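The values are calculated or read from the model by the stated rules, or taken from the named source; none is laboratory data. Note that the structure is predicted; figures quoted are calculated from it, not measured. A quick note on method: Cβ atoms are made from the backbone with ideal geometry, for glycine too, and the neighbour counts reach across all protein chains shown. Note: areas computed on protein heavy atoms with side chains; ligands, DNA, RNA excluded. Shrake-Rupley method; radii C 1.70, N 1.55, O 1.52, S 1.80 Å.
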Amino acid sequence: MSVTLRTMRWWDIEPVLRLERVLFVEDAWSDTMFWSELAERESRHYIVAVDGDDVVGYAGLCAYAAEAYVQTIAVDPARQAQGIGTTLLTTLLDESRQRGCAHVDLEVRADNNGAIALYERHGFRRIGVRRRYYQPSGTDAVVMRRDATAGERR
Ligand SMILES: CC(C)(COP(=O)(O)OP(=O)(O)OC[C@H]1O[C@@H](n2cnc3c(N)ncnc32)[C@H](O)[C@@H]1OP(=O)(O)O)[C@@H](O)C(=O)NCCC(=O)NCCS
């Protein structure tokens, strides 16, 4: 089976939550958070990567006028390092471009080297640190920004 992307719908929340709890553990979003994100139809763009009936990844963008934020991005541990995360991220960046956003920001755990490498490859740069942003672990968040004019590195 091959992986395709489509818009996240309410019935995806359950399988998304199963991945969310495995991937983010104590930082996992609740079902209420996903429901409220999907309710914000104008400002949000949430997608899932599916293989047949299986949700194998998901990602969400929040965009207001010139500003966009990568709210989340995640891939099933069994399906990582196959390019799915890259496809999800580039799709969110395409969406931000279509919406005319001047830049895209995100926060990432300072100890998440894999995700930081992925973001840097796609033109994000570090612009700050939010101390002890992730609770209860107290882990710092690195704030990253990608300007609409940024190129991608390989
Ligand atoms: C970050 C994540 C979404 C990447 O998804 P993915 O499908 O594995 O990504 P890709 O296969 O497209 O890999 C792209 C790049 O990501 C980086 N990367 C991904 N996982 C990595 C890891 N465990 N260690 C080091 N680099 C990693 C690499 O730069 C990789 O480059 P490569 O093509 O040379 O291997 C995925 O690892 C994930 O879900 N992690 C847990 C959730 C998470 O941390 N989300 C980000 C929150 S800000």
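Structure summary
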| item | result |
| --- | --- |
| Filter result for the condition that a residue is touching an Asp or Glu at 6+ places or on another chain (Cβ under 7 Å) and within 13 Å of the ligand (Cβ to nearest atom), over Arg121, Arg145 | Arg121 |
| Some residue of segment 43-57 being in contact with a helix residue (DSSP H, G or I) (Cβ under 8 Å, 6 or more places away or on another chain), of a type outside the set (D, E, K, R) and open to solvent by 50 Å² or more (accessible area, probe 1.4 Å) | no |
| Every pair of residues 6+ apart whose Cβ atoms lie under 8 Å, when the first sits in segment 88-111 and is small (Gly, Ala, Ser) while the second is in a loop (DSSP other than H, G, I, E, B) and surrounded by fewer than 18 Cβ atoms within 10 Å (Cβ to Cβ) | Ser96/Ala148; Gly100/Ala66; Ala102/Ala66; Ala102/Ala148 |
| Flag if Ala66 is aliphatic (A, V, I, L, M), closer than 23 Å to Ser30 by Cα and either surrounded by 20 or more Cβ atoms within 10 Å (Cβ to Cβ) or away from the ligand (no atom under 13 Å from the Cβ) (or both) | no |
| Count of residues meeting criterion [surrounded by 14 or more Cβ atoms within 10 Å (Cβ to Cβ) and more than 22 Å from Thr149 (Cα to Cα)] in segment 74-89 | 7 |
| Subset of segment 69-118 that is away from the ligand (no atom under 13 Å from the Cβ) and outside any helix (DSSP H, G or I) - its residue that is nearest to Thr4 (Cα to Cα) | Arg99 |
